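Notes for the one structure printed next.
None of the figures in this text is laboratory data; all of them are computed from the coordinates on show. Everything numeric in this text was worked out from a predicted model, so none of it was measured. Here Cβ is always computed from backbone atoms with ideal geometry, including for glycine, and neighbour counts include all displayed protein chains.
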């Protein structure tokens, strides 16, 4: 049995298969619209029931006044200014940090220079110590040489010991 062969008599009007399909579509669409409208109406009624009570609104307004909500704008502006100053100070601190790092590197280089200078001074002091010991030896040898020359002079001026 095909849709085209189906017939329906309603109030003396013959409806064929295609018209029956159209009527069924229209009736189901109208039913869907009615169901959606009733659902929406139910939601609106529940929203009306959920209204905020007047005493709760008064309580919220009182809390806002107690917390000085109107002065928050001025406080936020002050906070913004403070944040800008903090950012500026942070930038300066970063610059100081790089300068401190440079100074630390310079100090490290100076320590290396001082260490090498101390080594040189120790070497010079060691050399001076050796030099003074050599001077003492040379002074002794000079005295002995002078004594020998005096003895030679004495012997040559008085060869027989008279």
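Values computed for the structure shown
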read-out	value
More than 17 Å apart - percent of Cα-Cα pairs taken over the stretch 61-142	75
Over the chain: helical MRE at 222 nm, DSSP H runs n ≥ 4 each giving -39500 (n - 2.57), nearest 500	-30500 deg cm²/dmol
Between helix 54-66 and the chain: long-axis angle, C-alpha atoms, 0 to 90°, nearest 10	20
Cα-projected label distance for residue 141 with residue 38, points at 7 Å along beta-carbon direction, nm	13.5
Angstrom value of the Kirkwood radius, inverse mean 1/r, which spans all Cα pairs in the chain	31.1
